[in-house]
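Written below as structure tokens is the structure these notes are about.
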Amino acid sequence: MTLELVDVSMSYPQRGGPKLALDGVNLTVSPREFLCVVGASGSGKSTLLSLVAGLTTPTSGEITIEGHPITGPGPDRGLVFQTGSLYPWRTVERNVAFGLELLALDAAERRRRVDWYLAETGLADVRRSLPRQLSGGQQQRVAIARALVCEPDVLLLDEPFGALDVQTKEDMQLLIRQIWRDTGTTVLMVTHDVEEAVFLGTRVVVLASDPGRVAAEARIPLAEDRDLATKRTPAFLGLRASIEDMVRAQHRCGVTR
Amino acid sequence: MKTALAERAADVRAAWPPLPRRTRPPRTLLTIRTPISRRVTTTLTVASLAVPFTFWVVLSASGVVPATFLPSPGAVLSAGWEMARSGELAVDVWTTTRRVLEGFGLAVLVSVPLGILIGTFHAAQAVFEPVIGLLRYLPASAFIPLLIIWLGLGEPSKIAILFIGTVFFNTLMTADVVRGVPRPLIDVSYTLGARRGEVLRKVVVPHSLPGIIDAVRVNAAAAWNFVVVAELVNSTAGLGYRIVRAQRFLQTDKIFAVLVVIGVIGVTIDVALRLVRARVGRWAA
């Protein structure tokens, strides 16, 4: 699976002329890659994911997956939002099963797959709970499992841990690393948290704001095996500092006096 | 080291009088959104029923108001009992209930799908919403003469009044509920492979169902208002008809009894729909 963005621009109509959200973005996501896109607000991060998901169409440029242009949303590109996208009337297992219910699968096959992803995301014990009974971290696990059960070519994560407390966030970071290694899926994630991007990504792309465009990118030459201790190693801290510098250099609306 | 700005700010602020502090009043019965004890709740609820009832008893017993104007609770009870015993009440209740079921039932069958369309598709909204927004302000009772000309004096005109009185409100309320389905829920469904019809059936409708039941509950009350109005004109049975007939013979006790029956039926419907709502909307609690 190769995801390719060629000269992608996106502008929204606005009073006083169209507002350019993304300007000539070129990006290639290779198979098995974990690509993190960081940028401040206004850098068009979410717009980028929405375009790849096919929920919006770029004003110009082309997005292809395995060479086929994207014409709309589909289960080959699973999407996870920051919050609030679970079906509140469905139990955990029925949320996860949603995508499979749309396919010609018998109940046993569906169940086998749902069970595997519930176990993988640590949700087996709460499978019959409703979303409102879950913690924020558990809710995001459901959203991730629900996207993965459709076996997407690429998993799109839109600040998935942005609303979680720091401890839960770290648990989820370890979980998504583990899922990425277990399933061999390709991940495209946007976040404003540089530490998270460096910890999770095999590569990090920095977006500049107003309009959003690719400003810099860096490979993350850390070992495949990463745990929370990795975050304290000099190699990690060095990478984090240099990418933070890139983000700050692109962030124009600093406080001045 | 203090900056020049901080130093200047300190000078300016030194000249200010201390900021007045407000005292906080103690918690009372009327603190906003604060729970009150079970005992106080019960007392208030019982009083809300007992006080007017006592007032009624005293007023009718004192003879200040003639019994023809204000019958005593006892007289109302015996008038009600008399109607129940003769079988008259059962016929009236059933006739009126059947009209509500037919007229309001028809309105629900039309308004719910229409509301879902309006709330889902901007095109349907553009076509229907302005017209319905206008029609709903036309009082249904004003249609009675017209409907009698069109449909005659029988059942159809009465059903039609009920229908006209409730269908527009229920459509717009349903559309509002459907518009409340969160956008991310719809977006995420498409990314999970759902097609348009599946999004409607498996996402929009289940998410809207509790709200639609709420709308039906509100409009069921309106339906009961309209059915009585409809029956005031040329009917041969029904609770509204009974009231008109009782008026002709100055039987205010009978009118009161019918009003009590209407109230009881209304509360029963409301409670029943609340229970259905609580069951269907358990996930939203």
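Numbers for the structure displayed
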{"item": "Net charge dipole size for the protein assembly as shown [Lys, Arg +1 and Asp, Glu -1 on Cβ; Debye, nearest 20]", "result": "1960 debye"}
{"item": "A:Leu174-B:Thr43 FRET efficiency (beta carbon distance; Förster radius 56 Å; 0.05 resolution)", "result": "0.50"}
{"item": "FRET efficiency for B:Ala142 and A:Thr83, using Cβ-Cβ distance with R0 set to 41 Å, rounded to 0.05", "result": "0.25"}
{"item": "Average partner coverage of A:134-145, which counts Cβ from other chains inside 10 Å", "result": "0"}
{"item": "Nitroxide proxy distance, nm - points 7 Å out along Cα→Cβ at A:Asp165 and B:Arg195", "result": "4.6 nm"}
{"item": "Exposure rank, largest accessible area first [A:His68, B:His122; 1.4 Å]", "result": "B:His122, A:His68"}
{"item": "D_trans [Stokes-Einstein, Kirkwood Rh over alpha-carbon pairs] for segment A:80-151, 25 °C, 0.890 mPa s, µm² s⁻¹", "result": "207 µm²/s"}
{"item": "Separation in nanometres of the label points that stand 7 Å from Cα toward Cβ, at B:Ala50 and B:Leu250", "result": "3.7 nm"}
{"item": "Positive-end residue of B:Ala67, B:Thr45, B:Trp16, charge dipole of segment B:1-70 with Cβ unit charges", "result": "B:Trp16"}
{"item": "Inter-chain shielding of A:66-78 (mean C-beta neighbours from other protein chains, 10 Å cut-off)", "result": "2"}
{"item": "Estimated 222 nm signal from helices in chain A, with DSSP H stretches of n ≥ 4 weighted -39500 (n - 2.57), rounded to 500", "result": "-11000 deg cm²/dmol"}
{"item": "Backbone N under 20 Å from the B:Ala221 label point (7 Å along Cα→Cβ), restricted to segment B:144-167", "result": "B:162-167"}
{"item": "Theoretical ellipticity at 222 nm over chain B - DSSP helices of four or more residues, -39500 (n - 2.57) apiece, nearest 500", "result": "-25000 deg cm²/dmol"}
{"item": "Theoretical FRET efficiency, 1/(1+(r/R0)^6), r = Cβ-Cβ of B:Gln125 and B:Val280, R0 22 Å, to 0.05", "result": "0.30"}
{"item": "Accessible area of chain A divided out per residue, in Å², using a probe of 1.4 angstrom", "result": "44 Å²"}
{"item": "Contact surface B-A: accessible area buried, both sides summed, square angstrom, 1.4 angstrom probe", "result": "1900 Å²"}
{"item": "Value of relative contact order over chain A, rounded to a whole percent, pairs C-alpha under 8 Å and six or more apart", "result": "26 percent"}
{"item": "Apportionment of accessible area to carbon and sulfur, the protein assembly as shown, percent (1.4 Å)", "result": "61 percent"}
{"item": "Separation of the B:Ala61 and A:Thr183 label points, Cα + 7 Å toward Cβ, nm", "result": "7.5 nm"}
{"item": "Distance cut-off 25 Å, percentage of C-alpha pairs in chain A lying past it", "result": "45 percent"}
{"item": "Positions from segment B:159-185 whose accessible area shrinks by 30 Å² or more when the full protein complex is built, not the chain alone, probe 1.4 Å", "result": "B:Pro184, B:Leu185"}
{"item": "Mean Cβ neighbour count within 10 Å, used as a protection proxy, ranking B:148-160, B:226-238 highest first", "result": "B:226-238, B:148-160"}
{"item": "Rounded accessible area per residue of segment B:122-229, 1.4 Å, Å²", "result": "46 Å²"}
{"item": "Relative contact order [Cα under 8 Å, 6+ residues apart], chain B, whole percent", "result": "22 percent"}
{"item": "Solvent accessible area, Å² - B:Phe69, 1.4 Å probe, full protein context", "result": "150 Å²"}
{"item": "Degrees between helix A:107-120 axis and first principal axis of chain A (Cα, 0 to 90, nearest 10)", "result": "50 degrees"}
{"item": "Sequence-distant lysines (8 or more away, or on other chains) whose Cα lies within less than 28 Å of A:Lys19", "result": "A:Lys45"}
{"item": "Qualifying aspartates and glutamates (Cα of each under 16 Å from Cα of B:Lys158; at least 8 residues distant if same chain)", "result": "B:Asp92, B:Glu102, B:Glu231"}
{"item": "For a label point 7 Å along the Cα-to-beta-carbon line of B:Glu102, residues of segment B:208-233 with backbone N under 18 Å", "result": "B:223-233"}
{"item": "Mean Cβ neighbour count within 10 Å, used as a protection proxy, ranking B:164-175, A:28-39, B:274-285 highest first", "result": "B:164-175, A:28-39, B:274-285"}
{"item": "Listed residues A:Asp193, A:Asp106, A:Asp227, most fluctuating in chain A (Gaussian network, C-alpha, under 10 Å)", "result": "A:Asp106"}
{"item": "Cα shape, segment B:160-239, gyration tensor, a/c 1.5 rule", "result": "prolate"}
{"item": "Reference-scaled alpha-carbon Rg (2.2 N^0.38 Å with N residues) for the protein assembly as shown", "result": "1.36"}
{"item": "Per-residue average of Cβ from other chains inside 10 Å of A:79-89", "result": "5"}
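The values are calculated or read from the model by the stated rules, or taken from the named source; none is laboratory data. Since we're looking at a predicted model, the values are computed, not measured. Reconstructed Cβ throughout: ideal geometry from the backbone, glycine too, with neighbour counts over all protein chains shown. Remember, those area values only see protein heavy atoms, side chains included, never the ligands or the DNA or RNA. Shrake-Rupley method; radii C 1.70, N 1.55, O 1.52, S 1.80 Å.
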